[in-house]
Amino acid sequence: MTTQSTSDYEAKHASGMAHKDAGNQLFKDKEFVKALREYYHALLHLRGLNANPMDLSATPRDPEKPTEEDVSDLDKDLSVIQTNMAACHLNLERIDRVVACADAALKANPFNKKAKFRLVQGYVRNREIPKAEKLLDELEKDSPRDASFVAERRLIAAKEKEAEKKQLKEMGGMFDRANNKAAAAEKANEEPKAEEEPAVIRKKNTST
C-alpha cells in the first residue's frame, strides 16, 4: 500500500475546504440547495483522505473515554461540514436529513456542540421530545441561558401542548361515539314492538 504524500493530502484538503467555504457563502445568501451541493463536493474531497498522511504513529483513541484531543483535524472538518448540511436541510424543512447529517457529524466528532444542537432541532420537529430533551439538558450545562436553547424549550412546550390538545380531542371523539352508540341502542329498546295478531284472526282474514 502506498503512503499518501503530504503534498497530495494538502492539495485535496485545500480543494475540499474551498468547496466548504463556497458552501458557507451560499448559506449566508440563503441559497441552501446550492450550498448543499458545495458541501457534498467538500465531503467527496475530504472523506478519502488519511488523517495521518505520513503514517506516523498516533495516540490510540480510547472508545470508552474519548477526549476532544483524540479527534483528528480532518474529522473535525468533516463534522463541521455535516453540521452545516444539517442547517441547510433544516431551512429546507427536510427534517429526516437534519437528523441524519447531525448524527453523522457527531460520529465524526462527538464534541461538536453545534451538531448536537442541530440534532436537538431535528428531534423536536420530528416530535421525538424525550431524545431532544436529553441532549438539550447536556448542552444547557455549559450555557443554561443560551437564547437558542431557550427557544427550543419553548418550541418543545408548544409541541407538547399541541399533542395534549390532540389527545383530548381524540378522547372526546371516542366518548361521543360511545355515547351516541349507547343512546341509539337505548332508543331501539324503548320502541314498542308491533303486536302480533292472534292465530284465529289471521286464519279468518286469510279464508275466502
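The values are calculated or read from the model by the stated rules, or taken from the named source; none is laboratory data. Computed from a predicted model, the values in this text were never measured in an experiment. As a convention, Cβ positions derive from the backbone with ideal geometry for all residues, glycine included, and neighbour counts pool all protein chains shown. Keep in mind that these areas ignore ligands, DNA and RNA; they rest on the heavy atoms of the full protein, side chains included. Shrake-Rupley method; radii C 1.70, N 1.55, O 1.52, S 1.80 Å.
List the residue pairs whose Cβ atoms are under 7 Å apart, where the first residue sits in segment 12-30 and is free of Cβ contacts under 8 Å to residues at least 40 places away in the same chain, the second is open to solvent by 40 Å² or more (accessible area, probe 1.4 Å) and of a type in the set (Asp, Glu), and the two are 6 or more positions apart or on different chains.
His19/Glu38; Ala22/Glu38; Leu26/Glu38
Results for (1) at pLDDT 95 or above; (2) within 29 Å of the chain's Cα centre (by Cα), shown as yes or no for each residue.
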| residue | (1), (2) |
| --- | --- |
| Lys12 | no, no |
| Glu31 | yes, yes |
| Glu64 | no, yes |
| Ser72 | no, yes |
| Ile81 | yes, yes |
| Leu90 | yes, yes |
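For segment 129-157: of the residues being open to solvent by 40 Å² or more (accessible area, probe 1.4 Å) and among the hydrophobic types (A, V, I, L, M, F, W, C), which is nearest to Arg97 (Cα to Cα)?
Among those that are open to solvent by 40 Å² or more (accessible area, probe 1.4 Å) and among the hydrophobic types (A, V, I, L, M, F, W, C), it is Leu155.
Conditions: (1) under 11 Å from the mean Cα position of the chain (by Cα); (2) open to solvent by less than 30 Å² (accessible area, probe 1.4 Å). Asn126 meets all but one. Number of the miss?
If we test Asn126 against (1) under 11 Å from the mean Cα position of the chain (by Cα); (2) open to solvent by less than 30 Å² (accessible area, probe 1.4 Å), just (2) comes out false.
When you scan segment 112-208 for helices (runs of 4 or more DSSP H) that lie fully inside it, which ones turn up with 1 or more residues that are at pLDDT 90 or above and among the hydrophobic types (A, V, I, L, M, F, W, C)?
Numbers: elements: 113-125, 129-140, 147-190, 199-206.
By residue number, 113-125, 129-140, 147-190.
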